[in-house]
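Here the structure is laid out as structure tokens; the discussion comes afterwards.
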Amino acid sequence: MTIAGAEVGSGKAAEAPPNRTLWILLGIAVALMLGRALGLLPDWLIRLPDWMIPPTAEWLDAIFAFVQNDLGLLQVTRAIAGGLEYLLDATANLLYGKRRWPYLGPIPWSAIAAVAAVLGYFLGGWRMAALAGGTFVWTALIGQWEIAMQTMSVLVVAAPFAFLIGLLLGIAAWKYRAFDMALRPILSVLQTLPFFTYLLPAVIFFKVGPTAGAVATIVYALPPMILMTTLGLKKVPPEVVEAGKMSGCTRWQMLTRVYLPAARTELLVGVNQVIMLCLAMVVLTAFIGMPGLGAKLLAMMGSFKLGRSFEIGVTIVLLAITLDRLSKAWVVRQPVHFERGTPWWQRHVFLLAGAGAFVLFYVLAQFVEILNEVGIRQNLSQGREIDALIKSVLDIDAVQAVTQWLRWFLNVQILIPFRNSLLWIPTPAFILLVTALSYWVGGRRPAIYAAVFFSIVALSGWWDRSVITLYTVISAVILATLIGIPVAIAAARTEKWSRRMLLVCDSAQTFPSFIYLIPAIMLFGVNDVAVIFSILIFAMVPLMRYTIEGLRTVPPEMTEAADMSGATRRQKLMSVQIPLALPTMAVGFNQAIMFAFFMVIVAAFIGTQDLGQELQRTLAGSDIGKNIVLGMNVSLMALTFDMAILAWANRRERALGLTK
Amino acid sequence: MKTIKSALLAGSILVLPALAQAEDSDDPIIIPIHNWSSQIVMSNVVGQMFEEMGLNVEYVTTDSQAVYESVRLGDVALELEVWEGAFGASFREALEKGGLHDAGDHDAVTREDWWYPMWTKEACPGLPDWQALNDCAHLFATPETGDKGRYLDGPVDWLKHGKERAEALGLNYVVINAGSAAALWAEIGAAEKDKKPVLVFNWTPNFAEAVWPGEFVEFPVWEDGCDTDPAKGPNPDALYDCGNPAKGYLKKAAWDGMPDKWPSAYCVLEKISFTNAQIAEMAKFVDTDDMEPEEAAAVWLDENRDIVDPWVAACES
């Protein structure tokens, strides 16, 4: 037995054996199911009767009407919206020339691209400069400059706001424990709430258009910033704090000169997350009037222009990767210190270079039209060619044969029977089964939450649709695991392939999920297979990412110990690397479930019969109560899994001695 | 409120006699655009007409159902394409709540119903008569539907009642709701190569007519009350046993505050009336000629001065 083996062994021993509670829960569930099979179960135990379901939606509607009109919240939010609109108008003027104060724009594309390149060079050398400058040049040449700037004009306002609000809330949560305790559940709900549920309130309170888009984006991007701020501040070493106190800092100085600089890395990771989440909302906010890339993408898809949609997707990915890499380079970069007496221009050489490039291209653009604006007829869009290419690939007979077979096999042999059996399970038995699963995976607390959450779902009156949602998520995650884990394990064997795979993951994650929907339908038709296929692509990303990272960060002394004791590669993988990487992989699995819950709602655009479809229906009216009830159901189911799996991963990490 | 307003108005008239005549506000007229080409181009055409009149115009992208709530609140000033079938319900709901009103119909008529691309007819020659559907059900069957046919209806939020109709007319079909217009096109596009028969929801005027020629299924003719009175239509016990109206309206809607705030723009809006052919042309510029919507609108305006100018002229006097 190697050292690693011993540790793993002791980890297993530390786990509690399945005890009586688990068997009782399972026993009752099985008894209920047997009762149903034998036809002994009364109807009210199979599904809750209608009279037991409280009219939650109507209550919520009433509360909303009261808050909105009688309390005058609408006036408050509309006033905020007014201020926000002023800012958005200013950036809109600068970036794409909307006729508002300060009446200066639009800035020529070449000037922006030049500044981006200088910034890239400053943060990460020539490669970054090429990436940052190249992204903007691509955007202009492909004829998407104006719509890209419409998007950016909102993001450059939303991201700083999300950063600031997140920072303040994070500091508050760190200072006041009670606030932290109150905030955490809200954040968890926010992170799992389907985006359709953000949209209606955003429109009602903040006016359709960029303002509502900005608000929805800010709310969506907030949680990680708050969490990272609190985390960073908590990790500040006591020596640093002592040093600050000794030099007689006031409280304000302590915060701004000691705590925040010491938490720099976490704060910047938060910034990175804010940027990525903002970009993830680009397409979704188009439903509430956010102009730009998202709106164009939806219009293109509405008229079946796959090629142009694809190009917009590429632009979004490029922007996301550029901003991601730039902000990560900023995290790594340490502050530079100059000798006393260094002249001003030497200390700010990059600032000057940036300003110089800006002015140069600004002036040049006044004379050279192409540097100012790439005309509609000059762009290099290859929409039609890509259309033809996509269609010809989908038309290959072999592809069609395979997908037709898959459609038949998965639907008839697996998915439909699986769905029907889940729907067959009596509601109380289903709740008990989920509770038992949470108990087995996560322990007591997650089990209690599971019972409460699923009971609330049952009481919401949308049980069947919730079960169908769950069925879709489970099917997609299982398939994603079956495909993603082996691929990730194979990729993790070498550094080179790990990096390539992670880049694929980054692209797949930021590529607008809407674009997957069309090929999914063309391959499989409008049915559950297409839905699951599109969720699968998205859910595989975190699974693969965390698996690769988990395997790559297995402490080298462990693998060496395995090598020394003469383990084969397979043995090393199965008994050392995977067990040690398992907690990280579990986090990835958890993320995959969260992503699947997110994507299952987006898949309503293919056509589903689950909560997403009903949520989509609420957009037609102003059914805000129903909208929130449905959103809560999705959120509660997602949280149940979230808590159970994270509890397991934490316990496991402690058992393996991986936590500090 | 009203008295304050008129007092202010009276005051301003006294102080600024030059402004006594009702003038359009300088605030931008916000025009909503949605995700289909004809509406986007039409909005741009009207927007450019307003701009020629010296008014400020801005466009905002919105959901085509949620937009009625926005018109009602005055967040957007008008809506140029209110389809009877697709948006009638949302429009009427907003109308009842107050804040928006009917600003007249276009000449164009709209039709939304069960539809098939032409190649389907070769396999099922009895079409377009609806009674042929049951004989051809096997042609439209898929692995999930067994021996029943499959009809791909519009998204649920379009409120199309395909299921009810299939039941009311005893059709041997499973009705599946697509999630978006894009899903409908993808389904037709996928069937195109092998000329597989498909039955989907579709509407006119629409770009798809140009890409995939096809026909509507002829259901029992629509009678008023078919959706509320079981006696109407061939099945005496069921609602929705008729086809949709073959000549549905296409309306314009306006915010109640618009006539006061932009009187001349509102006057033009009332006059505006496009025909099916004109709408199809607007869509074609974008969908088949790959123009950008603003460009398409400008081209369309140039080519149709004789239609547009009289509307504006009529409001100047």
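The values are calculated or read from the model by the stated rules, or taken from the named source; none is laboratory data. Computed from a prediction, not measured in an experiment: that's the story for all the values here. No Cβ is skipped: glycine too gets one built from the backbone with ideal geometry, and neighbour counts run over all protein chains shown.
Just so you know, in the range A:612-646 the residues that are of a type in the set (A, V, I, L, M, F, W, C) and within 12 Å of chain B (Cβ to nearest Cβ) include one that is surrounded by the most Cβ atoms within 10 Å (Cβ to Cβ), and it is A:L615.
Return the residues of the range B:49-64 that are touching a residue at least 60 places away in the same chain (Cβ under 8 Å) and either touching a strand residue (DSSP E or B) at 6+ places or on another chain (Cβ under 8 Å) or crowded, with 24+ Cβ neighbours inside 10 Å (or both); say none if nothing qualifies. B:F50, B:L55 - these are the residues of the range B:49-64 that are touching a residue at least 60 places away in the same chain (Cβ under 8 Å) and either touching a strand residue (DSSP E or B) at 6+ places or on another chain (Cβ under 8 Å) or crowded, with 24+ Cβ neighbours inside 10 Å (or both). Exactly one residue out of A:P185, A:P224 is more than 14 Å from chain B (Cβ to nearest Cβ), under 29 Å from A:A116 (Cβ atoms) and assigned to a helix (DSSP H, G or I): that is A:P224. Among residues of the range A:397-412 being facing another protein chain (nearest Cβ under 10 Å) and free of Cβ contacts under 8 Å to residues at least 24 places away in the same chain, the one that is surrounded by the fewest Cβ atoms within 10 Å (Cβ to Cβ) is A:D397. Residues considered: A:V208, A:V156. Of these, the only one that is assigned to a helix (DSSP H, G or I), more than 18 Å from A:M228 (Cβ to Cβ) and β-branched (V, I, T) is A:V156.
The residue of the range B:132-151 that is farthest from A:N420 (Cα to Cα), among those that are within 13 Å of chain A (Cβ to nearest Cβ) and polar (S, T, N, Q), is B:T142. Of A:V282, A:V374, all but one fail to be within 14 Å of another protein chain (Cβ to nearest Cβ), under 25 Å from the mean Cα position of the chain (by Cα), within 30 Å of B:I31 (Cβ to Cβ) and among the β-branched types (V, I, T); the exception is A:V282.
Note on the range A:363-439: enclosed helices (runs of 4 or more DSSP H) holding 3 or more residues that are of a type in the set (G, A, S) are A:383-395.
Contact map, the range A:296-312: residues that are facing chain B (nearest Cβ under 9 Å) paired with residues that are part of a loop (DSSP other than H, G, I, E, B), Cβ distance under 6 Å, separation 6+ or inter-chain. Pairs shown: A:L298/B:N35; A:A299/B:N35; A:G302/B:N35; A:G302/B:W36; A:S303/B:F207. Pairs meeting the criteria (first residue in the range A:189-209 and at positive phi, second residue buried (at least 21 other Cβ atoms within 10 Å of the Cβ) and of a type in the set (D, E, K, R), beta carbons under 9 Å, at least 6 apart or on different chains) are A:K207/B:D75; A:G209/B:D75. Report yes if B:A314 is over 22 Å from A:S381 (Cβ atoms), in contact (Cβ under 8 Å) with a residue 24 or more places away in the chain and more than 22 Å from the chain's Cα centre (by Cα), otherwise no. Spelling it out, B:A314 is indeed over 22 Å from A:S381 (Cβ atoms), in contact (Cβ under 8 Å) with a residue 24 or more places away in the chain and more than 22 Å from the chain's Cα centre (by Cα).
Every condition in (1) crowded, with 19+ Cβ neighbours inside 10 Å; (2) at pLDDT 95 or above is met by A:A159 except one, and the failing one is (2).
Anything in the range A:453-482 that is among the small types (G, A, S) and under 16 Å from A:T435 (Cβ atoms)? List them, or say none. Correct list: A:S455, A:A458, A:S466. The residues in the range B:202-251 that are within 18 Å of B:R165 (Cα to Cα), β-branched (V, I, T) and at pLDDT below 85 can be counted, and the count is 1.
Kindly indicate whether any position in the range B:69-92 is in contact (Cβ under 8 Å) with a residue 12 or more places away in the chain, of a type in the set (S, T, Y) and more than 14 Å from every other protein chain (Cβ to nearest Cβ). There is no residue in the range B:69-92 that is in contact (Cβ under 8 Å) with a residue 12 or more places away in the chain, of a type in the set (S, T, Y) and more than 14 Å from every other protein chain (Cβ to nearest Cβ). Among the residues of the range A:274-322, the ones that are in contact with a strand residue (DSSP E or B) (Cβ under 8 Å, 6 or more places away or on another chain) and in a loop (DSSP other than H, G, I, E, B) come to 3 in all.
Is it true that A:A212 is under 22 Å from the mean Cα position of the chain (by Cα), more than 13 Å from every other protein chain (Cβ to nearest Cβ), surrounded by 23 or more Cβ atoms within 10 Å (Cβ to Cβ) and closer than 29 Å to A:L619 by Cα? No; evaluated as a whole, the condition is false for this residue. If we scan the range B:29-42, do we find a residue that is within 16 Å of the chain's Cα centre (by Cα), farther than 18 Å from B:F274 by Cα, in the same structural domain as B:A283 (by TED's automatic domain parsing) and in a helix (DSSP H, G or I)? Checked the range B:29-42: no residue is within 16 Å of the chain's Cα centre (by Cα), farther than 18 Å from B:F274 by Cα, in the same structural domain as B:A283 (by TED's automatic domain parsing) and in a helix (DSSP H, G or I).
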